[in-house]
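Q: Right, I'll just put the structure down here and ask away after.
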Amino acid sequence: SDAWHPQVNGVVTTLADLLDTLRGRGHRVELIEPSQFRRVPLPGYRDIGLSVLPRRRIARLLDGFDPDALHIATEGPLGHAARAHAIERGWAFTTAFHTRFPEFVQAATGCPAAIGYAWLRRFHAAASGTLVPSDGMLSILQRRGYTNLRAWSHGIDTTRFSPRPPSPHGWKRPVFLSVGRISAEKNLEAFLELELPGSKVVAGGGPKLRQLKQQHPDVHWLGPMAREALPALYSAADVFVHPSRTDTFGLVMLEAMACGTPVAAYPVAGPLDVVGDGRDGTSAGGVLHADLWIAAVRAVTVPRATARARACAFSCDDAGRVFLSHLVPIERRTAGARTVREVHTA
């Protein structure tokens with residue numbers, strides 16, 4: 001995985017929870033991640049390091065571990081190096097589509113998203129299966145010609161994320177909260193520009209933090225926060241506003257709902273799967289609307305118990321079980337090949 005600590009994002013959180021779940025089931029897991037390589041900062045995202053010329057070391061690490069199954073979590077330098085080595089060895093492997101990079105690149109450079117999707121389609125086409133975190137995202141990729149897609153929803157630890165006594169902040173109610181990376185692709189301005197009653201609170205860091213703080217001095221800016229501090233923050237809010245239109249899943253929405261905070265978001269891939277719209281016979285954990293102001297104001301009335309119940313439908317154990325079911329065993333071509341076990345290498 002090209003995404004790992006100290007990066008703070010949904011991919012890292014998802015992988016960390018997955019590793020805990022798999023190891024808890026007794027599997028031996030080897031994680032190959034950027035700290036094992038020489039890195040250069042990603043332009044515009046200096047807290048993200050890109051591994052430099054990782055192919056030889058990736059080959060040594062993979063051959064030394066001799067995995068029963070290989071999973072490539074990201075499409076960066078490490079992902080490409082692992083993919084090339086697997087193809088050279090004739091190993092089957094799975095990939096995942098965690099991030100809508102084509103939209104991010106389009107927002108930053110103007111490069112058409114279709115070009116990015118075509119490039120990524122080639123990357124994933126070599127896999128035995130590509131794990132996709134939401135039905136909405138799976139449909140988007142199918143329309144763009146992706147094949148061998150596998151649905152893999154994520155989960156939440158509802159013990160770690162549960163309603164807590166809120167810290168006394170003195171914010172005027174209702175409190176509208178947003179948590180996440182403060183960057184162009186997150187569309188945070190759509191939240192900041194809403195004329196809402198009460199208070200707006202934003203937690204997180206990123207390349208646009210300084211600019212947006214200057215433009216919106218009325219907002220309570222908390223900066224990056226440790227994950228352990230988030231349950232009390234979520235519990236202190238009346239509504240969690242998720243303005244992104246490009247998240248493939250949106251784990252922060254699950255975290256907020258698990259703490260009893262209803263979500264306001266656009267009815268797009270990600271929120272439709274995580275929050276729900278109530279049409280499947282279940283109660284939605286918030287309000288989805290094309291007008292984010294309407295979603296935010298209406299979400300204040302969603303019972304906190306309803307939001308919590310929606311989040312409890314997403315289990316880390318279930319996510320781990322489904323992940324294991326999608327892994328493809330590596331077939332040994334040498335004499336005396338060992339029995340295949342279920343092991344994950346990101």
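Q: Calculate the spin-label point distance for Asp317 paired with Ala125, positioning each point 7 Å from the Cα along the beta-carbon direction, and give it in nanometres.
A: 4.1 nm
Q: Okay, moving on. Taking a ≥ b ≥ c as the square roots of the eigenvalues of the Cα gyration tensor of the range 1-83, is the shape rounded (a/c under 1.5), prolate (a/b larger than b/c) or oblate?
A: Oblate, because a/c is 1.5 or more while a/b does not exceed b/c.
Q: Rounded to the nearest 500, what is the chain's calculated 222 nm mean residue ellipticity when only DSSP H runs of at least 4 contribute -39500 (n - 2.57) each, over all residues?
A: The helix-only estimate for the chain comes to -10500 deg cm²/dmol at 222 nm.
Q: Per residue of the range 219-226, what does 6.51 cos²θ - 1.76 cosθ + 1.60 with θ = phi - 60° give for ³J(HN,Hα)? Whole Hz please, x for Gly and Pro, Karplus curve as stated.
A: 7, 8, 9, 9, x, x, 10, 5
Q: On to the next question. Keeping the other protein chains in place, figure out the carbon and sulfur percent of the accessible area of the chain, with a 1.4 Å probe.
A: 53 percent
Q: What is the set of long-range amide H partners of Val175 at a cut-off below 5 Å, with H atoms built 1.01 Å from backbone N?
A: Long-range HN contacts for Val175: Ser199, Asp238, Val239.
Q: Rg and Dmax in Å for the range 145-303, alpha carbons only: what are they?
A: Both quantities, over Cα of the range 145-303: 15.2, 51 Å.
Q: Once you compute Rg and the Kirkwood Rh from C-alpha atoms, what is the Rg to Rh ratio for the range 114-199?
A: Rg/Rh for the range 114-199 comes to 1.13.
Q: Kirkwood Rh, Cα Rg: Rg to Rh for the range 182-226?
A: That ratio is 0.93, to two decimals.
Q: Solvent-accessible area of Asp135, probe 1.4 Å, all protein chains present, reported in Å² to the nearest ten, please.
A: About 100 Å², ignoring ligands and nucleic acids.
Q: Let me ask something else about it. Equivalent-ellipsoid semi-axes (√(5λ), Cα gyration tensor) for the chain, whole Å, largest first?
A: Output for the chain: semi-axes of 36, 22, 19 Å.
Q: Moving to a separate point now. Could you sort Glu255, Glu331 by accessible area so the largest value comes first, with the probe set to 1.4 Å? Please report the intermediate quantities before stating the final value.
A: Working: Glu255 10, Glu331 150 Å².
Largest to smallest exposure gives the sequence Glu331, Glu255.
Q: Go through the range 202-210 residue by residue and turn each phi into a ³J(HN,Hα) via Karplus (6.51, -1.76, 1.60, θ = phi - 60°); whole Hz please, and just put x for glycine and proline.
A: Running phi through 6.51 cos²θ - 1.76 cosθ + 1.60 with θ = phi - 60° gives 10, 10, x, x, x, x, 9, 4, 4 Hz.
Q: Please name which of Val201, Leu120, Pro77 has its Cα lying farthest along the dipole of the chain towards the positive end, using unit charges on Cβ (Lys, Arg +1; Asp, Glu -1) and the Cα centre as origin.
A: It is Pro77, whose Cα lies furthest towards the positive end.
Q: Once you charge only the Cβ atoms, +1 for Lys and Arg and -1 for Asp and Glu, what is the size of the charge dipole of the chain about its Cα centre, to the nearest 20 debye?
A: My answer is approximately 660 debye.
Q: Measure nothing fancy, just the Cα-based angle from helix 10-24's long axis to the longest principal axis of the chain, in degrees from 0 to 90, nearest 10.
A: Rounded to the nearest ten degrees, it is 60.
Q: Turning to a different aspect of this structure: Normalised by the number of residues in the chain, what is the relative contact order in percent for Cα pairs under 8 Å and 6+ residues apart?
A: 21 percent
Q: To continue, here is another question. Work out from phi, with θ = phi - 60° and the Karplus expression 6.51 cos²θ - 1.76 cosθ + 1.60, the ³J(HN,Hα) of each residue of the range 54-62, listed in order in whole Hz, and give x for Gly and Pro.
A: x, 4, 5, 5, 4, 4, 5, 5, 5
Q: Separate question: Using the Cα centre as the reference, give the magnitude of the dipole from point charges on the C-beta atoms of the range 202-333 (Lys, Arg: +1; Asp, Glu: -1; all else neutral), rounded to the nearest 20 debye.
A: Taking the Cα centre of the range 202-333 as origin, the dipole is about 260 debye.
Q: Please report, in whole Å³, the volume per residue of the convex hull around the C-alpha atoms of the range 68-161.
A: Hull volume over Cα atoms, normalised by residue count, gives 133 Å³.
Q: Once you've got the GNM for the chain with C-alpha springs shorter than 10 Å, pick whichever of His27, His124, His98 has the biggest mean-square fluctuation.
A: His27
Q: Follow-up. Can you pull out the trypsin sites (Lys or Arg not before Pro) in the range 71-169 whose DSSP state is coil and whose Cβ has at most 15 other Cβ atoms within 10 Å?
A: Arg144, Arg160
The values are calculated or read from the model by the stated rules, or taken from the named source; none is laboratory data. Just so it is clear, the model here is predicted, and its values are computed rather than measured. Backbone-built Cβ (ideal geometry, glycine too); neighbour counts: all protein chains shown. Ligands, DNA and RNA are excluded from the accessible area calculation, which covers all protein heavy atoms including side chains. Shrake-Rupley method; radii C 1.70, N 1.55, O 1.52, S 1.80 Å.
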